[in-house]
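Remarks on the structure that follows.
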Amino acid sequence: MDKYPSSDKASAGMKTGKYLKYAIGEIVLVVIGILIALQINNWNEHRKKEKLKDSYKVSLINDLSKDTLMLGKLISENYRVMTALRIQQKRFLGPETPIDTLIKIAKDEFDPELNTRFKYNRNTFNTLIASGNIDLFSKEFNDRLMALISLQDIERENSEWYSDVYSSKISRFSDDYPVSRQQNSKIVNSIWTDINERKIASGFISLTDIKGFAHYSFINEIENVKKHTITFLNQIDNLNY
């Protein structure tokens, strides 16, 4: 014989159903809460990444803007020196110019310096690479940036080669004819009093040609980098970064 009346069984079943519904409701609420928390966390993470990316972008623009200004100064300076060198060449290569003019220019007026020294501002770029945060940016953005960095590296490599060629030439020339422009030096003056005119003329013409070529090549290299840097800066806001 059934120990529990049917009414009691029905009541117990109803209570169990209510508990199940309540429990399921609680689970649903917990899951919804977790999903909302994850969504908020993802949104916060995305916001942090976007803020970090914008910060890198501003820093990168500052670095490249500084490069552009410095490249402009270098271009102007090298144009000035190259123009002065060409004027000197016209003076000592004139059809009626005596050898004494060439010797005077070589000894007292010639500027032996070749200013191709330059270091690009890569603090932001290096940080992006070292931290792995370069992946914050789009492939299009990174491709353009890497192309510019590669162009900078090519410029540095080529300019160092021009500088090395000139340095080798000026070193050999200075072994015989000091071009330090120390007019008041008794030792230097004594060297210039006993010279081979044909040798110095040949050597100095060759030296100035190489120096002119080095300035011209360096100007072309950095003008190209400057042009591409400005293009990148002008397009940076329109790129999908």
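Which of the lysines could be linked to LYS186 by a straight reach, that is with a Cα gap under 20 Å, when you skip same-chain ones fewer than 8 residues away?
LYS104, LYS107
In Å, what Rg and Dmax follow from the Cα atoms of segment 77-180?
Reported Rg and Dmax, both Å: 21.4, 67.
Label-point separation (nm) for LEU38 and ASP153, each offset 7 Å from Cα along Cα-to-Cβ?
4.1
Which pairs in the list LYS66/LYS211; LYS53/LYS227; LYS199/LYS227; LYS66/LYS90; LYS48/LYS73 are over 32 Å apart, alpha-carbon to alpha-carbon?
From LYS66/LYS211; LYS53/LYS227; LYS199/LYS227; LYS66/LYS90; LYS48/LYS73, over 32 Å: LYS199/LYS227; LYS66/LYS90; LYS48/LYS73.
Pick from TYR19, TYR166, TYR56: which residue has the top mean-square fluctuation in a GNM of the chain where Cα pairs under 10 Å get a spring?
Fluctuation is largest for TYR19.
In nm², what is the average projected area of the convex hull enclosing the Cα atoms of segment 58-235?
Average projection, Cα convex hull of segment 58-235: 12.4 nm².
Would any residue of segment 146-163 have its amide N under 16 Å from a label point 7 Å out along Cα→Cβ of GLN235? List them or say none.
Flagged as within label range: 146-152.
If you average the sequence gap of Cα pairs under 8 Å that are 6 or more apart and divide by the length of segment 58-235, what percent do you get for the contact order?
42
For the chain, what does -39500 (n - 2.57) per DSSP helix run (n ≥ 4), summed and divided by total residues, give at 222 nm, in deg cm²/dmol to the nearest 500?
-28000 deg cm²/dmol
If the cut-off is a Cα-Cα distance under 20 Å, which aspartates and glutamates reach LYS139, setting aside same-chain residues fewer than 8 apart in sequence?
Output for LYS139: GLU50, ASP54, ASP237.
Which of the aspartates and glutamates could a cross-linker span from LYS226 if the Cα-Cα distance has to be under 14 Å and same-chain partners fewer than 8 positions apart are dropped?
ASP63, ASP67, ASP153, GLU155
How much length is gained if the chain between SER174 and LYS73 is pulled fully straight, taking 0.36 nm per residue apart and subtracting their Cα-Cα distance, in nm to one decimal?
Taking SER174 through LYS73 to full extension adds about 33.5 nm, to one decimal.
Taken together, the values in this text are just the output of simple stated rules run on the coordinates, not laboratory data. The model shown is predicted, which means the values in this text are computed figures rather than measured ones. Cβ coordinates were reconstructed from backbone atoms using ideal geometry, including for glycine residues, and neighbour counts include every protein chain displayed.
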